[in-house]
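Colleague: Structure below; questions to follow.
The values are calculated or read from the model by the stated rules, or taken from the named source; none is laboratory data. Computed from a predicted structure; not experimentally measured. FYI the Cβ positions are ideal-geometry reconstructions off the backbone, even for glycines, and counts take in every protein chain you see. Remember, those area values only see protein heavy atoms, side chains included, never the ligands or the DNA or RNA. Shrake-Rupley method; radii C 1.70, N 1.55, O 1.52, S 1.80 Å.
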Amino acid sequence: MQQHFSLADCDVMGFDLDHTLCRYHLPQSARLIYDSFAQYLVAEKGYDKDLLTLAPDSLDFCCKGLVLDIEEGNFLKLAEDGTVLRASHGTKSMTSEEVLETYGRREWKHFNTVSGMVSRSAKYYLYDNYFDLPGALLCARAVDSLNQHDSQKKYDFWKDMVAAIQHNYKISAFKEDCGAYFPEVKNHPDKYLQRCPESVKKWLKQLKSAGKILLLITSSHSDYCRLLCEYILGNDFEEYFDIVITNALKPGFFSHTPNQRPFRTLENDEEQEALLSLDKPGWYSQGNAIQLYELLKKMTGKLDPKVVYFGDSMHSDIFPAHHYSNWETVFILEELLGDKVTVPAETESEPLEKKGKYEGDQPKAPYFVSKQWGSFFMDRLPGLENAEETLVRTWSCKCISTYSTIAIPTLEAIADLPLDYRFTRFSSNSSATAGYYPSPPRALLPNEESVTMK
């Protein structure tokens with residue numbers, strides 16, 4: 001495996017949309033997602049009205065990489081070997097002693113299937129992206145609420161949560177103005193969406209003029225995709241891409257065969273009949289990576305065109321693109337920003353524009369570093385008070401170096417680099433921090449642990 005990776009060597013650049021090309025104002029979008037699910041549970045399923053009110057700091061509970069043990073109502077943060085580092089029952093943190101008593105020093109019972117990235121299970125749910133994350137807080141509060149009224153051992157709130165998600169995000173919701181999510185983003189895009197920086201737009205054009213083929217592959221439906229793209233890139237957004245694929249239903253886009261998941265054409269955002277093959281660039285719905293790759297061979301005139309895919313979800317983007325399609329993968333990890341902009345208390349009141357390149361137009365993000373869950377990258381093993389501390393990588397952190405080529409905080413972080421810039425890739429023969437650009441998270445650097453692990 002060569003040690004360096006360069007975009008100049010890639011023939012095709014694929015991009016996810018939400019939280020990759022399109023960045024959101026996280027505090028506002030988190031609140032909207034939480035509210036949209038909570039309103040459904042209260043109005044349609046009779047849950048406690050208290051779920052509708054949110055204490056200002058409660059979004060601190062949201063931390064990527066958490067696993068919900070659905071039957072127990074417990075949230076878990078896992079180490080790279082599958083042992084439990086921290087846990088909460090509902091929103092209430094368990095003590096180190098409780099964690100050890102409940103889970104011991106052994107691999108969590110479902111770790112095998114979680115780490116195999118098995119996507120659907122009635123037993124657990126993995127929170128790995130900003131669209132899902134506010135739902136973690138809602139589920140935790142639902143557990144608190146159920147405990148209050150009736151201390152139960154097994155929980156059955158999950159089916160209601162799934163119904164809330166489906167109600168808000170279903171394909172027709174945008175068109176029908178149904179649910180609380182799409183109508184609000186439609187009416188106030190500036191409140192939730194960040195326009196694409198000029199540097200990124202320029203970079204996309206440079207990629208295209210360098211002869212690269214540009215793909216947009218999103219699980220969002222075409223009408224929502226169009227709204228986002230027009231807002232962040234402008235009305236000419238289609239000129240940036242050779243192929244746009246919406247409702248891609250990732251990770252299935254990568255793992256399914258052409259028979260299981262054919263491409264469909266679109267007319268007025270309605271999906272039409274299935275296509276037997278993909279013959280030309282354009283805008284499509286659903287589909288699969290196998291037929292897409294056949295088209296890319298034709299378009300590049302190469303037997304083995306090299307594809308790189310940029311995405312923010314380990315589960316839907318990075319793992320499947322790497323595992324099933326053998327594509328290079330660039331993991332967009334906004335948590336790398338939180339690491340950079342930890343502001344000392346006395347400067348909290350400074351005007352935002354002084355707080356570094358990335359924070360300019362956004363309020364302090366709600367969950368870059370969660371106080372309750374600690375670092376996304378590292379944690380100490382739960383043990384007795386006076387035992388020697390052992391710091392270990394989290395399972396989420398291990399996935400990054402296993403499945404991604406490099407990890408960056410935003411596209412903006414690399415947009416000004418020359419196309420032939422040589423990134424050091426994550427690979428077995430280099431350190432666990434090699435693939436982070438522009439720099440590794442502090443939690444992973446020696447002698448710095450104490451800063452982040454408080």
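Colleague: Output yes when any residue across segment 222-243 is among the charged types (D, E, K, R), open to solvent by 30 Å² or more (accessible area, probe 1.4 Å), closer than 17 Å to I33 by Cβ and part of a helix (DSSP H, G or I), and no when none is. Full working, then the answer.
Modeller: Of segment 222-243, the ones among the charged types (D, E, K, R) are 223, 226, 230, 236, 238-239, 242.
Subset that is open to solvent by 30 Å² or more (accessible area, probe 1.4 Å): 226, 230, 236, 238-239, 242.
Still in the list and also closer than 17 Å to I33 by Cβ: none.
Looking through segment 222-243, none of the residues is among the charged types (D, E, K, R), open to solvent by 30 Å² or more (accessible area, probe 1.4 Å), closer than 17 Å to I33 by Cβ and part of a helix (DSSP H, G or I).
Colleague: With the structure loaded, tell me whether S209 is surrounded by fewer than 19 Cβ atoms within 10 Å (Cβ to Cβ) and closer than 20 Å to L21 by Cα or whether it fails that test. Full working, then the answer.
Modeller: On the way: surrounded by fewer than 19 Cβ atoms within 10 Å (Cβ to Cβ): yes; closer than 20 Å to L21 by Cα: yes.
So S209 fits the description; yes.
Colleague: Does V12 meet the test of being within 24 Å of the chain's Cα centre (by Cα) and among the β-branched types (V, I, T)?
Modeller: Details: within 24 Å of the chain's Cα centre (by Cα): yes; among the β-branched types (V, I, T): yes.
Spelling it out, V12 is indeed within 24 Å of the chain's Cα centre (by Cα) and among the β-branched types (V, I, T).
Colleague: Which one is nearest to Y181 (Cα to Cα) among residues in segment 103-125 that are open to solvent by 30 Å² or more (accessible area, probe 1.4 Å) and in contact with a strand residue (DSSP E or B) (Cβ under 7 Å, 6 or more places away or on another chain)?
Modeller: First, pick out the residues of segment 103-125 that are open to solvent by 30 Å² or more (accessible area, probe 1.4 Å): 105-107, 109-110, 112-113, 115-116, 118-123, 125.
Then keep just the ones that are in contact with a strand residue (DSSP E or B) (Cβ under 7 Å, 6 or more places away or on another chain); that gives 110, 125.
Details: H110: 32, Y125: 22 Å.
Among those residues, the one meeting the criterion is Y125.
Colleague: Listed residues E267, E294, E273; which is acidic (D, E) and under 17 Å from I213 (Cα atoms)?
Modeller: On the way: E267 fails: under 17 Å from I213 (Cα atoms); E273 fails: under 17 Å from I213 (Cα atoms).
Result: E294 is the single residue among E267, E294, E273 that is acidic (D, E) and under 17 Å from I213 (Cα atoms).
Colleague: Give the number of residues within segment 406-422 that are within 24 Å of K64 (Cβ to Cβ) and open to solvent by 10 Å² or more (accessible area, probe 1.4 Å). First the steps, then the outcome.
Modeller: Taking segment 406-422 first, the residues within 24 Å of K64 (Cβ to Cβ) are 406-415.
Cutting the leftovers down to open to solvent by 10 Å² or more (accessible area, probe 1.4 Å) gives us 412-413.
Here the count works out to 2.
Colleague: Let me ask something additional. Condition first: more than 30 Å from K302 (Cβ to Cβ), of a type outside the set (G, A, S) and part of a helix (DSSP H, G or I). Now tell me which residues in segment 1-41 satisfy that.
Modeller: Answer for segment 1-41, where residues must be more than 30 Å from K302 (Cβ to Cβ), of a type outside the set (G, A, S) and part of a helix (DSSP H, G or I): L26, P27, Q28, R31, L32, I33, Y34, D35, F37, Q39, Y40, L41.
So that you can scan it fast, the table gives a plain yes or no per residue for (1) within 19 Å of V12 (Cβ to Cβ); (2) touching a Gly at 6+ places or on another chain (Cβ under 9 Å):
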site: L204; (1), (2): yes, no
site: L214; (1), (2): yes, yes
site: S222; (1), (2): no, no
site: L227; (1), (2): no, no
site: V244; (1), (2): yes, yes
site: F253; (1), (2): yes, yes
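Colleague: Same structure, new question: Scan segment 32-47 for residues that are surrounded by fewer than 16 Cβ atoms within 10 Å (Cβ to Cβ) and not hydrophobic (A, V, I, L, M, F, W, C) and report the count.
Modeller: Of the residues in segment 32-47, 3 are surrounded by fewer than 16 Cβ atoms within 10 Å (Cβ to Cβ) and not hydrophobic (A, V, I, L, M, F, W, C).
Colleague: For segment 55-73, what are the residues that are of a type outside the set (D, E, K, R) and in contact (Cβ under 8 Å) with a residue 24 or more places away in the chain?
Modeller: First pass over segment 55-73, keeping only residues of a type outside the set (D, E, K, R): 55-56, 58-59, 61-63, 65-68, 70, 73.
Passing the criteria: S58, L59, F61, C62, C63, G65, L66, V67, L68, I70, G73.
Colleague: Using the structure shown, decide if K205 is in a helix (DSSP H, G or I), within 25 Å of the chain's Cα centre (by Cα) and farther than 16 Å from Y24 by Cβ.
Modeller: Working: in a helix (DSSP H, G or I): yes; within 25 Å of the chain's Cα centre (by Cα): no; farther than 16 Å from Y24 by Cβ: yes.
No: the conditions fail for K205.
Colleague: Does any residue of segment 134-147 turn out to be surrounded by 17 or more Cβ atoms within 10 Å (Cβ to Cβ), touching a Ser or Thr at 6+ places or on another chain (Cβ under 9 Å) and within 23 Å of I318 (Cα to Cα)?
Modeller: Yes, segment 134-147 has at least one match.
Colleague: Now, a different point. If only one of E44, E101, E97, E71 is assigned to a loop (DSSP other than H, G, I, E, B), among the acidic types (D, E) and over 22 Å from the mean Cα position of the chain (by Cα), which one is it?
Modeller: Numbers: E44 fails: assigned to a loop (DSSP other than H, G, I, E, B); E101 fails: assigned to a loop (DSSP other than H, G, I, E, B); E97 fails: assigned to a loop (DSSP other than H, G, I, E, B).
Unique residue meeting the criteria: E71.
Colleague: Moving on. Just checking, which of G282, G301, G287 is touching a strand residue (DSSP E or B) at 6+ places or on another chain (Cβ under 6 Å) and at positive phi?
Modeller: Values: G282 fails: touching a strand residue (DSSP E or B) at 6+ places or on another chain (Cβ under 6 Å); G301 fails: touching a strand residue (DSSP E or B) at 6+ places or on another chain (Cβ under 6 Å).
Step by step, each of G282, G301, G287 is checked, and only G287 is touching a strand residue (DSSP E or B) at 6+ places or on another chain (Cβ under 6 Å) and at positive phi.
Colleague: Another question, then. Only one of (1) at pLDDT below 95; (2) touching a Leu at 6+ places or on another chain (Cβ under 6 Å) is not met by E273, so which one is it?
Modeller: (2)
Colleague: Another question, if that's okay. Go through segment 262-279 and report how many residues are assigned to a loop (DSSP other than H, G, I, E, B) and either open to solvent by less than 30 Å² (accessible area, probe 1.4 Å) or touching a strand residue (DSSP E or B) at 6+ places or on another chain (Cβ under 6 Å) (or both). Show your work before the answer.
Modeller: Our first condition is that a residue be assigned to a loop (DSSP other than H, G, I, E, B); within segment 262-279, this holds for 262, 268-269, 275-279.
Then keep just the ones that are either open to solvent by less than 30 Å² (accessible area, probe 1.4 Å) or touching a strand residue (DSSP E or B) at 6+ places or on another chain (Cβ under 6 Å) (or both); that gives 262, 275, 278.
The total comes to 3.
Colleague: Among the residues of segment 213-263, how many are farther than 22 Å from H19 by Cβ and either touching a residue at least 40 places away in the same chain (Cβ under 8 Å) or of a type outside the set (V, I, T) (or both)? Before the answer, list the steps.
Modeller: First pass over segment 213-263, keeping only residues farther than 22 Å from H19 by Cβ: 213, 235-236, 239, 242, 256-263.
Subsequent filtering for residues that are either touching a residue at least 40 places away in the same chain (Cβ under 8 Å) or of a type outside the set (V, I, T) (or both) retains 213, 235-236, 239, 242, 256, 258-263.
Looking only at that region, the number is 12.
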